[in-house]
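Q: This is the structure, below, for whatever I ask next.
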Amino acid sequence: MRRADRLRKFRAYGLIAPLFLFLVAFFLVPIGFVLYFSISNPEVVTMLPRVTEALRAWDGQNLPDEATFAALAEDLKLGYADRTLPKVSLRLNYEVSGFRSLLMRTGRKAKRMQAPFREAMIARDARWSDLIYWRTLKGNDSAFTMHYLLQAIDLDLQWDGGIRRAPPEKQVYLDNLQRTLWIALVVALSCIVLGYPVAYMIATAPRRLAKILILLVLLPFWTSLLVRTAAWVIVLQKAGIVNDVLLGLGLVEEPLALIFNRTGVYIAMVHILLPFMILPHYSVMKGIPSDHVRAATSLGATPRAAFLSVYFPQTLPGLAAGCLLVYVIALGFYITPMLIGGGSDQMLAYLIAEYATNTANWGLAGALAILLLACIGVLYPLYQRFAGAGGMKLG
């Protein structure tokens, strides 16, 4: 019996193994890489090892000594020769603008520099007499850093390990996060207002009509997201269908600004995400017996009271699932705000894509992705609470 029990367990494990491996390979591993990129900082330590070691004992108050300048000259000479200098200079340029040109310019001449290196390097470029560059080098003396994670919440990691508020001109990420959360919230609430009645109508409609309505809800999935977004660009523009109808009916005197602003983003996102709100509602409503509301009515409850006290509580699991699904997808929207929104309507996914593809700043892209993931993680306890409350009422 024990052998048979073990065999059944092995078969069960074998059945779930593909799903487990899929989750590990395409969910846990990517999240692990994102987390690693958000704290990884190997460039300075591995590509400028001599000056990094020499700066460990530096107090950061005055210019380093001749030995430190000599170590930097040797690192720059070798880095320029083996072509690793562009990578480390790009990394340092993320923190101090102009660091890349300083390192590349000095690296080209490092091979011909002679002692004393301190005077030679300052004569070549006076920026080497500025402490900010040396402090930045000292602040990157570890293979791991909290710089990107702090930058993602508008904080600066100082060269001595202190943490300060970022300058006002660099405080952009929390504002962008707030905008992202607000847009996703408005879209989710709009989908609730529009999707709940539609789901109720489908759930209570005759079978043949319900099939047609479900087909209409699923129809947008047959078209790619990019095509649907581009279609809204045509529909919402000043010479588009919406403005033509409004002008033709005399409701407006001039075309409305419905595109390249927040209004267009809301309209397009609600249209795209509405099926994700309707389907969870419909699946829950379809399983609610109609006898419950009739029984409440027969016992003296008004239709409104019967709906609010009997029917609506049983739809809370679908409401929670639909809100979570729509809100999570909306948080990661990129194409629609980019094409339809203006400069002040871009969401956090836009910055992640910008840093990952255009500037190759994988550290900051990973930190912003972790920030977005943390915001999504907060939603799951709320979902469990409301879905659990709905489940209790169902019992």
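Q: Has segment 4-12 got any residue that is within 31 Å of the chain's Cα centre (by Cα) and more than 18 Å from Gly377 (Cβ to Cβ)?
A: So the first thing to find is which residues in segment 4-12 are within 31 Å of the chain's Cα centre (by Cα), and the list is none.
No, segment 4-12 has no match at all.
Q: Considering every residue within segment 55-75, establish whether at least one is touching a residue at least 12 places away in the same chain (Cβ under 8 Å), among the aromatic types (Phe, Trp, Tyr) and touching a Pro at 6+ places or on another chain (Cβ under 6 Å).
A: yes
Q: Of the residues in segment 281-321, how many are within 20 Å of Gln384 (Cα to Cα) and touching a residue at least 40 places away in the same chain (Cβ under 8 Å)?
A: Selection size over segment 281-321: 12.
Q: Separate question: Does Val44 satisfy being closer than 21 Å to Ala367 by Cα, in contact (Cβ under 8 Å) with a residue 24 or more places away in the chain and of a type in the set (A, V, I, L, M, F, W, C)? Give the derivation first.
A: Numbers: closer than 21 Å to Ala367 by Cα: yes; in contact (Cβ under 8 Å) with a residue 24 or more places away in the chain: yes; of a type in the set (A, V, I, L, M, F, W, C): yes.
In short, yes.
Q: Could you list, in sequence order, the residues of segment 205-217 that are free of Cβ contacts under 8 Å to residues at least 60 places away in the same chain and either under 15 Å from Tyr282 (Cα atoms) or among the small types (Gly, Ala, Ser) (or both)?
A: Start the filter on segment 205-217 by keeping residues that are free of Cβ contacts under 8 Å to residues at least 60 places away in the same chain, which leaves 205-213, 215-216.
Matches in segment 205-217: Ala205, Pro206, Arg207, Leu209, Ala210, Lys211, Ile212, Leu213, Leu215, Leu216.
Q: Something else about it: Evaluate the following for Gly264: is it more than 22 Å from Asp345 (Cβ to Cβ) and either in a helix (DSSP H, G or I) or assigned by TED's automatic domain parsing to the domain that holds Tyr383 (or both)?
A: On the way: more than 22 Å from Asp345 (Cβ to Cβ): no; either in a helix (DSSP H, G or I) or assigned by TED's automatic domain parsing to the domain that holds Tyr383 (or both): yes.
So Gly264 fails the test.
Q: Further, regarding this structure: Could you go through segment 187-204 and let me know if any residue there is of a type outside the set (Ser, Thr, Tyr), part of a helix (DSSP H, G or I) and exposed (fewer than 14 other Cβ atoms within 10 Å of the Cβ). Please lay out each step first, then the result.
A: Filtering segment 187-204 for residues of a type outside the set (Ser, Thr, Tyr) gives 187-189, 191-195, 197-199, 201-203.
Restricting the remaining residues to those that are part of a helix (DSSP H, G or I) gives 187-189, 191-195, 197-199, 201-203.
Those left that are additionally exposed (fewer than 14 other Cβ atoms within 10 Å of the Cβ): 193, 197.
Yes, segment 187-204 has at least one match.
Q: Moving on to the next point. Please go through segment 68-92 and give me each residue that is hydrophobic (A, V, I, L, M, F, W, C) and surrounded by 13 or more Cβ atoms within 10 Å (Cβ to Cβ), ordered by number. Spell out the reasoning first.
A: Let us first name the residues in segment 68-92 that are hydrophobic (A, V, I, L, M, F, W, C), namely 69-73, 76, 78, 81, 85, 88, 90, 92.
The answer is Phe69, Ala70, Ala71, Leu72, Ala73, Leu76, Leu78, Leu85, Val88, Leu90, Leu92.
Q: I'm trying to understand the selection: among the residues of segment 16-37, which are farther than 28 Å from Ala367 by Cβ and in contact (Cβ under 8 Å) with a residue 12 or more places away in the chain? Talk me through it step by step, then tell me what you get.
A: In the first step, residues of segment 16-37 are kept if they are farther than 28 Å from Ala367 by Cβ; the result is 16-21.
Once the filter is applied, which keeps residues that are farther than 28 Å from Ala367 by Cβ and in contact (Cβ under 8 Å) with a residue 12 or more places away in the chain, segment 16-37 yields nothing.
Q: Check whether at least one residue in segment 254-273 is aromatic (Phe, Trp, Tyr) and over 24 Å from the mean Cα position of the chain (by Cα), and report yes or no. So that I can check it myself, show each step before the final result.
A: Let us first name the residues in segment 254-273 that are aromatic (Phe, Trp, Tyr), namely 260, 266.
Subset that is over 24 Å from the mean Cα position of the chain (by Cα): none.
The answer is no, given that none of the residues of segment 254-273 is aromatic (Phe, Trp, Tyr) and over 24 Å from the mean Cα position of the chain (by Cα).
Q: Hey, can you tell me all the residues within segment 18-59 that are of a type in the set (Gly, Ala, Ser) and under 16 Å from Leu92 (Cβ atoms)? Steps first, answer last, please.
A: Our first condition is that a residue be of a type in the set (Gly, Ala, Ser); within segment 18-59, this holds for 25, 32, 38, 40, 54, 57.
Matches in segment 18-59: Ser40 only.
Q: How many residues are surrounded by fewer than 17 Cβ atoms within 10 Å (Cβ to Cβ) and part of a helix (DSSP H, G or I) if we restrict to segment 222-234? First the steps, then the outcome.
A: Initially, segment 222-234 is screened for residues surrounded by fewer than 17 Cβ atoms within 10 Å (Cβ to Cβ), giving 222-228, 230-231, 233-234.
With the extra rule that they be part of a helix (DSSP H, G or I), the set shrinks to 222, 225-228, 230-231, 233-234.
Result for segment 222-234: 9.
Q: Further question on the same structure: Grab the helices (runs of 4 or more DSSP H) fully contained in segment 276-346, keeping just those with 2 or more residues being surrounded by fewer than 16 Cβ atoms within 10 Å (Cβ to Cβ). Please lay out each step first, then the result.
A: Values: elements: 291-298, 303-306, 316-331, 335-340.
In segment 276-346, the matching helices (runs of 4 or more DSSP H) lie at 291-298, 303-306.
Q: Would you check if Ala152 is within 29 Å of Met269 (Cβ to Cβ) and in the same structural domain as Pro289 (by TED's automatic domain parsing)?
A: Details: within 29 Å of Met269 (Cβ to Cβ): yes; in the same structural domain as Pro289 (by TED's automatic domain parsing): no.
In short, no.
Q: How many residues does segment 35-51 contain that are surrounded by 21 or more Cβ atoms within 10 Å (Cβ to Cβ) and part of a helix (DSSP H, G or I)?
A: Total meeting the criteria: 3.
Q: Applying the selection to segment 351-371, what residues are surrounded by 18 or more Cβ atoms within 10 Å (Cβ to Cβ) and either in the same structural domain as Tyr36 (by TED's automatic domain parsing) or under 28 Å from Leu258 (Cα atoms) (or both)?
A: Leu351, Ile352
The values are calculated or read from the model by the stated rules, or taken from the named source; none is laboratory data. Quick caveat, the model's predicted, so the values are computed rather than measured. For neighbour counting, all protein chains shown are included, and Cβ atoms are generated from backbone atoms with ideal geometry for every residue, glycine included.
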